[in-house]
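Remarks on the structure that follows.
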Amino acid sequence: MDLNRYFLIFLAAFLIQNILLIRFIALCSFFGISTSVETSVGMSLAVIFVMMVSSTLTWALWNFVLEPLGIGEFLYIPSFILVIAAFVQLEELFIKKTAPALYKAMGIYLPLITTNCAVLAAATEVAKPGFIKLSVAYHYTLPEAWVYTFGVALGYSAALLVFATLRERIDIAPVPPAMKGYPIAFITASLMSLALTGFAGLFGV
Amino acid sequence: MNGLTGEFARGVVRENPLLRLMIGLCSALAVSVKLESSLFMSLAVIFVLTMSNIVISALRRVTPENIRIPIFIVVVSSFTTIVDLVLRAYFPAIYSRLGVWIPLIVVNCIILGRAEAYAYKNNIIRSAMDGLGMGLGYTLVLLIMGFVRELIGTGAITLLGATLIHMGSRFEAPILAISFPGAFLAFGLLMGLLNKLEQRQRRAK
Amino acid sequence: MIAVKGFRGGVHPPTNKHLTEDKPIRKASEPARAIVLLSQHTGAPCEPLVKVGDYVKVGQKIGDSKAFVSASVHSPVSGKVASIEPWIHPALGKKVPAVIIDSDGQSTLHESVTPKGSAESLSQEEIRAIIRESGLVGLGGACFPTAVKVSPPKGKTIDTFLLNGAECEPYLTADHRIMLERADLVVEGAKALMRAAGVRKGIICIEDNKADAVKAVERALRGVSGLEIAVLPTHYPQGAEKQLIKAVLGREVPPPPGLPLDVGVVVSNVGTAAALATTLRTGLPLISRIVTVTGQSVVEPSNLEVKIGTLFSSVIQDCGGLKGEPGKLIMGGPMMGVAQYTMEAPVVKGTSGLLVMSPEEAREEEGTNCIRCGRCVEACPVNLMPLFIRAYTEAGKWDMVERYDAFDCIECGCCAYVCPAKIPLVQWIRLGKNELMSRRKGGK
Amino acid sequence: MLKVTSSPHIRAQENTRYLMRWVLIALAPSALYSVYLIGTNALSVILVSVLSCLGVEVIWHNLRDGKHVSRTWWELVFLLAIPLLGMVPALGAFVQWIECVAILVVLWFEREHRFDGSAAVTGLLLAMVLPPMIPWWVPFFGAILAIAIGKEIFGGLGYNVFNPALVARAALLISWPRYLTAGWFKPVVDASTSATPLVLFKNRLGAEVSAVYGPLLFSNTGGCIGEVSAFLLLLGGLVLAWKKVIHVEIPLAYLGTMAVFAALAHNDPIFHLLAGGAMLGAWFMATDYVTSPLTTKGRILFGVGCGFITMLLRLYGKAPEGVTYAILFMNMLTPLIDRSLRPRVYGHIAKPVRGGK
């Protein structure tokens, strides 16, 4: 139990290798959802939840089934995405039945999550380390996988929330007509990414 | 515009997936760091997109509505796995550069989006044209971005080991262009530029 | 002496009270023609009680309304009703019905004008009836009918009465002179108001730039129980009801439509108290008020006792006229006053001052974009974020305008005063409020 | 004619230009002192940076507002063509001066343009965070980045989200790291090294750096143009605080957090406060109105965040200095802070309902 290692994994996943701003994963939702702060929060909650479970499933699938059988290299893409898609479907039904309030809050985001690359990326990374070029780990234990996934999910949420508040401000600015909407959002994302580049190498991550 | 050419041209310009539909952004930003990787990524996307459009269109009458998404995913991930394995076997250098983005084609919003929005509702030939058009739209943007970013950011263009253009030794390339923030910046400016041109065109009419 | 708690925000603009603070109140010349607007108060407008051609006397009621929230109007002169027609209202900026009386110069008193007795000799109900009959309204500028204010609805108890002598608006010295010269009337009126409202504890609040007034009121308070003085540091907008309550008592009035009586307080202006005392002593209803006529452009800045219905032009003439071309004529003080487009508007019950600015003073500086310096946030005495209300109003995002609590704005002008980008923030916020109001009415 | 406007009818004296002018005045001693110590290199960086910022602003505004469009295009081409003269061997060494004169000529043509002073402040701040021994075109491109990408593209003054000067510095640092991490001013006293105190500290030669308070305060230390004298920067900052131009809670929270962090990490707090860009960042960069929070609480949080990240990056990061990224990072959080820490409105019992759709 090396707390230091957990901390580094989390820091890398959360900030330094931020899935949205540095790794360019899940950008469609980044630009699509961030038009309002409320939806960003809803999406973030849904993503944190789905990611944690998906990563657990794929980690188990890889370590107990695919790798022992030696078929991982051929089947990891279809099997992981299917696991995620199936889980999201089940979860949607489950939440709808058991927790209508929760369903109301994040229900509409669930179908979108299937094609959220961040979920697949994190789920694959914990199974096959090095997938998104994270230099900290070579093999994840299950707790490490959780820490990693939580970092990714939190990093996704934080970036999404911050971006949404920035866009709320930019929304009412007299941006040149050609830059209105997505172009200025990209410029903003660029400057956010620029601010994060300074953190590269923190604690040797 | 109508008929097959219409299907084809639509994806290239009017409904360009990257600049208009805002889908498939993640990979576009990441791989456009070099012309070479843009080219191979585009080929991979065109292949998977067209093939899965064809297959999904062909199976559309036998696909039950409520489990269509998992079926799409199986189809798409099969083609993605093919590309993954082929590239790994024959172009290992490029594969390692593209890295995560090849497996992530499976959740590329363009492909699932076209499957759902087009191929599932149209005949095989139209779907194939749609796939080609969308793929080409993706390719076009990727090549422009790859060319500009590589040229500015490194001062030269190299393709499969051959240097095509060299800016000369006095050119001090700003690394910004090939950095993470540079990807967002270049994309935002490209969109702004196209908006500007479009506005001018509209005013001229 | 009361320990003062103060309030957050606010500004300290140059007071410029030196122009008139040493000028004793003098009576303005009688108007040859009085224009009595039938809507000089908050609430329902009055119906005229006289017809064209009728002869009216000083103090005769000429307009009244059956509505609870309203105040009657009286003739300030004796003479013939020349006409009843719309006339420009100086605060609303539009025309409202007015009774126009040609004075016969006799100033014959109406029969109803008889002394009413002292505060001690009258009962609560009697005082309330006198207030209602005399058409008394808050003379600080808000013009809320005093009769309504001293009649709290059942279930609300009032524990403190605040007499507002802060006069925080720059330039204005009318209340200052009233407290200095008529301290006994102020105290008498305060006692009557407290009796009407059923309050035992009263505090007379005066800003520390009026030391002589504090002394005069202290002298008048000798032997009077239940009334105290609170000396407040000079701080704009301390004279605003909500800020005064916060500064003196540390209580906060709930957001609109919350009223001071929701926190057990009634606030009244010193001018109102003096006017009530005058009514009790002489029987004259509210037909005149003290107006500070001031500004660099006025030849002889003064504090005048002016008959309601006198035209601004004649009031200014009474002060020696103007030096050169005027730039701006403001009814009230420079922070919350209303700019006039004509000098032919009449003095109303809420006219606390007339400020004439030179064209030089009235020139507006060209501004820049908002630089988010945060000065407006610091200055806002109700803790709003004026810059956001403006930005969302400009962008037409009405839900955000409401979320940033535009309705809580008291329009004191502090934000626009401090703004280095010279943005007319109050105007923007008013625009936002109006739009929200009309949207609410529209059922959305 | 009586003028009719909405109340209030009196305005405070301060305006945007006045505030910008005071920032320039407060920076002037440091800038002049660096020119005195370093010489023409510093002068060239400062002039190129300030003039280019002004030039970019004029050109952008003219094109945006459709004023003198054709003339402006010619000016743009003219200014962008001058760097090409650098190819001519005989002129190579003077290009920056030619460019400065050219921009002055353009500014003379555009003399009726209303400058609010913000571009000059951005230009001067940018120059202060660059090393003096760099090719002249680095501040030139930096100015373009600062004004065009850092500010105008967001809608101009007041609408940018990030501090323009720091955006430019961060972008230049990524683009041409070899110029931005070298070319420090060489101290007169100890000519044996051109490294900055923070670089020395980073390389764990730090044992003796504590003994350099004097040089840090009064010159003779390696670093950016704006780092020659912590004392003059502090003086400028205090002037701004005294004139109530800046909100003093930001620098206090910033520097206070740095000191506490340093002390807890067994470092010399005073060294960290005086070294590098801490003074410049805390007093002049973090206090930028546009990109810092609006409430006192928010500003304290902002300052604490800046100080914390600065020390985190200094002690555990790869690069020796962290001020730039700390402030940029906190700039990013500013709208979130403004949203979350709204003052309680008078008479409202609980916190106001959070904004949002």
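Points worth noting:
- The listed residue being under 19 Å from the mean Cα position of the chain (by Cα) and in a loop (DSSP other than H, G, I, E, B), out of C:GLY223, C:GLY258, C:GLY239: C:GLY239
- Residue satisfying condition, being more than 11 Å from chain D (Cβ to nearest Cβ) and surrounded by fewer than 24 Cβ atoms within 10 Å (Cβ to Cβ), within set C:GLY324, C:GLY353: C:GLY324
- Among residues of segment D:1-17, those that are within 30 Å of D:LEU280 (Cα to Cα) and within 7 Å of chain C (Cβ to nearest Cβ), counted: 4
- Restricting the search to helices (runs of 4 or more DSSP H) fully inside segment A:1-120 and requiring at least 3 residues that are over 26 Å from D:PHE329 (Cβ atoms) and acidic (Asp, Glu) gives A:72-98.
- Members of segment D:268-301 that are aromatic (Phe, Trp, Tyr), assigned to a helix (DSSP H, G or I) and under 17 Å from the mean Cα position of the chain (by Cα): D:TRP283, D:PHE284
- Residues of segment C:40-95 that turn out to be of a type outside the set (S, T, N, Q), without any contact (Cβ under 8 Å) to a residue 40 or more places away in the chain, surrounded by 14 or more Cβ atoms within 10 Å (Cβ to Cβ) and in a loop (DSSP other than H, G, I, E, B), as a count: 4
- Top-ranked residue in segment B:1-24 [being of a type outside the set (Val, Ile, Thr), part of a helix (DSSP H, G or I) and in contact (Cβ under 8 Å) with a residue 60 or more places away in the chain; ranked as nearest to A:TYR182 (Cα to Cα)]: B:GLY11
- Complete set of residues in segment D:25-70 that are surrounded by 24 or more Cβ atoms within 10 Å (Cβ to Cβ) and among the acidic types (Asp, Glu): D:GLU57
Condition check ((1) in contact (Cβ under 8 Å) with a residue 40 or more places away in the chain; (2) surrounded by fewer than 18 Cβ atoms within 10 Å (Cβ to Cβ); (3) in a helix (DSSP H, G or I)) across all residues:
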{"position": "B:VAL141", "(1), (2), (3)": "yes, no, yes"}
{"position": "B:THR158", "(1), (2), (3)": "yes, yes, no"}
{"position": "B:LEU164", "(1), (2), (3)": "no, yes, no"}
{"position": "B:ALA183", "(1), (2), (3)": "yes, no, yes"}
{"position": "B:ALA186", "(1), (2), (3)": "yes, no, yes"}
{"position": "B:LEU193", "(1), (2), (3)": "no, yes, yes"}
{"position": "B:GLU198", "(1), (2), (3)": "no, yes, yes"}
{"position": "B:GLN201", "(1), (2), (3)": "no, yes, yes"}
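- Hey, C:THR292 crowded, with 19+ Cβ neighbours inside 10 Å and in the same structural domain as C:PRO233 (by TED's automatic domain parsing) or not: yes
- Candidates are the residues of segment D:143-167 that are more than 7 Å from every other protein chain (Cβ to nearest Cβ) and in contact with a Lys or Arg (Cβ under 7 Å, 6 or more places away or on another chain); the one that is farthest from A:LEU196 (Cα to Cα) is D:ASN160.
- The listed residue being more than 14 Å from every other protein chain (Cβ to nearest Cβ) and closer than 18 Å to C:LEU354 by Cα, out of C:LYS27, C:LYS57: C:LYS27
Yes/no matrix, rows are residues, columns are (1) at pLDDT 90 or above; (2) touching a strand residue (DSSP E or B) at 6+ places or on another chain (Cβ under 8 Å); (3) of a type in the set (A, V, I, L, M, F, W, C):
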position	(1), (2), (3)
C:MET1	no, yes, yes
C:LYS5	no, no, no
C:LYS23	yes, yes, no
C:LEU37	yes, yes, yes
C:VAL52	yes, yes, yes
C:VAL77	yes, yes, yes
C:PRO86	yes, yes, no
C:ASP102	yes, yes, no
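- Selection from segment C:381-411 of residues that are within 8 Å of chain D (Cβ to nearest Cβ) and in a loop (DSSP other than H, G, I, E, B): C:PRO381, C:VAL382, C:ASN383, C:LEU384, C:MET385, C:TYR404, C:ASP405, C:GLU411
- For segment C:366-378, a residue qualifies if it is surrounded by 23 or more Cβ atoms within 10 Å (Cβ to Cβ) and more than 7 Å from chain D (Cβ to nearest Cβ), and the qualifying residues are C:ARG375, C:CYS376.
- Among the helices (runs of 4 or more DSSP H) confined to segment D:85-183, the ones with at least 1 residues that are under 19 Å from the mean Cα position of the chain (by Cα) and surrounded by 16 or more Cβ atoms within 10 Å (Cβ to Cβ) are located at D:118-128, D:137-144, D:164-175, D:177-180.
- Hits in segment D:18-50 - residues which are within 17 Å of the chain's Cα centre (by Cα) and within 14 Å of another protein chain (Cβ to nearest Cβ): D:LEU19, D:MET20, D:ARG21, D:TRP22, D:VAL23
- Scanning segment B:103-139 for residues that are free of Cβ contacts under 8 Å to residues at least 12 places away in the same chain and of a type in the set (Val, Ile, Thr) returns a single hit, B:VAL107.
- Of the criteria (1) crowded, with 17+ Cβ neighbours inside 10 Å; (2) at the interface with chain B (Cβ under 8 Å from one of its Cβ atoms); (3) closer than 30 Å to B:SER78 by Cβ; (4) of a type outside the set (Phe, Trp, Tyr), which one A:SER55 fails: (2)
- Whichever residue in segment D:314-344 is charged (D, E, K, R) and more than 7 Å from every other protein chain (Cβ to nearest Cβ) and, among such residues, is surrounded by the fewest Cβ atoms within 10 Å (Cβ to Cβ): D:ASP338
- Qualifying residues in segment B:98-117 (those that are facing another protein chain (nearest Cβ under 7 Å) and within 14 Å of A:ILE25 (Cβ to Cβ)) - the one surrounded by the fewest Cβ atoms within 10 Å (Cβ to Cβ): B:GLY99
- Screening C:CYS143 on (1) touching a His at 6+ places or on another chain (Cβ under 7 Å); (2) outside any loop (DSSP other than H, G, I, E, B) shows it passes everything except condition (2).
- Screening segment B:172-181 for residues that are touching a Leu at 6+ places or on another chain (Cβ under 9 Å) and more than 9 Å from chain A (Cβ to nearest Cβ) and picking the one that is surrounded by the most Cβ atoms within 10 Å (Cβ to Cβ) gives B:ALA177.
- In segment D:168-190, the residue that is nearest to the other protein chains (Cβ to nearest Cβ) out of those that are at pLDDT below 90 and within 15 Å of D:MET128 (Cβ to Cβ) is D:LEU180.
Residues checked against (1) small (Gly, Ala, Ser); (2) farther than 21 Å from C:SER288 by Cβ; (3) surrounded by 15 or more Cβ atoms within 10 Å (Cβ to Cβ):
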site: C:LEU122; (1), (2), (3): no, yes, yes
site: C:PHE144; (1), (2), (3): no, no, yes
site: C:LEU163; (1), (2), (3): no, no, yes
site: C:ALA166; (1), (2), (3): yes, yes, yes
site: C:ILE178; (1), (2), (3): no, no, yes
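- Within segment C:342-380, restricting attention to residues that are farther than 21 Å from A:ALA173 by Cβ and acidic (Asp, Glu), the residue that is nearest to the chain's Cα centre (by Cα) is C:GLU344.
- Qualifying positions in segment B:131-148 - among the β-branched types (Val, Ile, Thr) and over 12 Å from B:LEU43 (Cα atoms): B:VAL141, B:ILE144, B:VAL148
The values are calculated or read from the model by the stated rules, or taken from the named source; none is laboratory data. Just so it is clear, the structure is predicted and the values come from calculations on it, not from any experiment. Glycine also receives a Cβ, built like all others from the backbone with ideal geometry; neighbour counts cover every protein chain displayed.
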